[in-house]
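Trainee: This is the structure I have questions about; it appears just below.
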Amino acid sequence: MSISSVSKKQLVLEIQGKSKIQCDLKRHLSPRTVGIILRSLPIDGHAHLMGSSIVYFETSIDSGIERSRTEFKKGEVAFLPSTGSFCFFKSDVNTGKSMTPIGMLKGNIDELTGIKSGDVLKIYEELD
């Protein structure tokens, strides 16, 4: 079930074979980057871990930096333009790298703790 609006798009982050987490991309955070991502769906890749706080996967999306930040809270979703990576935050963190904020995870964010390097992650719109 997709509940979306002009400003928010409800997507699914699937940890293949394990679980699904609702993911809301928010246009007002970074309109150009979110638009590029939405036109590129579905997107998938292999999980990587950055320390104990960040799960990410690389894509071929090229968007440049937009409204960059280095501090993120648990459950936030960001885009790292230098590697085309989606980043999911397992805890509050100052990354030291400028990233584009793009949304929030909803639901059981703790599912991120079970992700292993190499797991397949997929972001898509769940159609009725």
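Read-outs throughout are calculated quantities, based only on the coordinates presented, and are distinct from any laboratory measurement. Please read these numbers as outputs of a predicted model, since none were measured by experiment. Every residue, glycine among them, receives a Cβ derived from its backbone with ideal geometry; neighbour counts consider all protein chains shown.
Trainee: Would the range 10-25 turn up any residue that is surrounded by 18 or more Cβ atoms within 10 Å (Cβ to Cβ), over 12 Å from the mean Cα position of the chain (by Cα) and not β-branched (Val, Ile, Thr)?
Mentor: No; the residues of the range 10-25 include none that is surrounded by 18 or more Cβ atoms within 10 Å (Cβ to Cβ), over 12 Å from the mean Cα position of the chain (by Cα) and not β-branched (Val, Ile, Thr).
Trainee: Is there a residue in the range 82-96 that is in contact (Cβ under 8 Å) with a residue 60 or more places away in the chain, closer than 17 Å to VAL34 by Cβ and touching a strand residue (DSSP E or B) at 6+ places or on another chain (Cβ under 9 Å)?
Mentor: Yes, some residue in the range 82-96 is in contact (Cβ under 8 Å) with a residue 60 or more places away in the chain, closer than 17 Å to VAL34 by Cβ and touching a strand residue (DSSP E or B) at 6+ places or on another chain (Cβ under 9 Å).
Trainee: Identify the residue in the range 60-90 that is farther than 22 Å from GLU14 by Cβ and of a type in the set (D, E, K, R) and, among all such residues, is surrounded by the most Cβ atoms within 10 Å (Cβ to Cβ).
Mentor: Filtering the range 60-90 for residues that are farther than 22 Å from GLU14 by Cβ and of a type in the set (D, E, K, R), the one surrounded by the most Cβ atoms within 10 Å (Cβ to Cβ) comes out as GLU66.
Trainee: Quick check on GLU58: is it under 10 Å from the mean Cα position of the chain (by Cα) and charged (D, E, K, R)?
Mentor: No, not satisfied.
Trainee: When you scan the range 56-80, how many residues do you find that are under 16 Å from SER98 (Cα atoms) and touching a helix residue (DSSP H, G or I) at 6+ places or on another chain (Cβ under 7 Å)?
Mentor: Number satisfying all stated conditions: 3.
Trainee: May I pose another question? Given (1) surrounded by fewer than 19 Cβ atoms within 10 Å (Cβ to Cβ); (2) not in a loop (DSSP other than H, G, I, E, B), identify the lone condition not met by PHE57.
Mentor: Answer for PHE57: the failing condition is (1).
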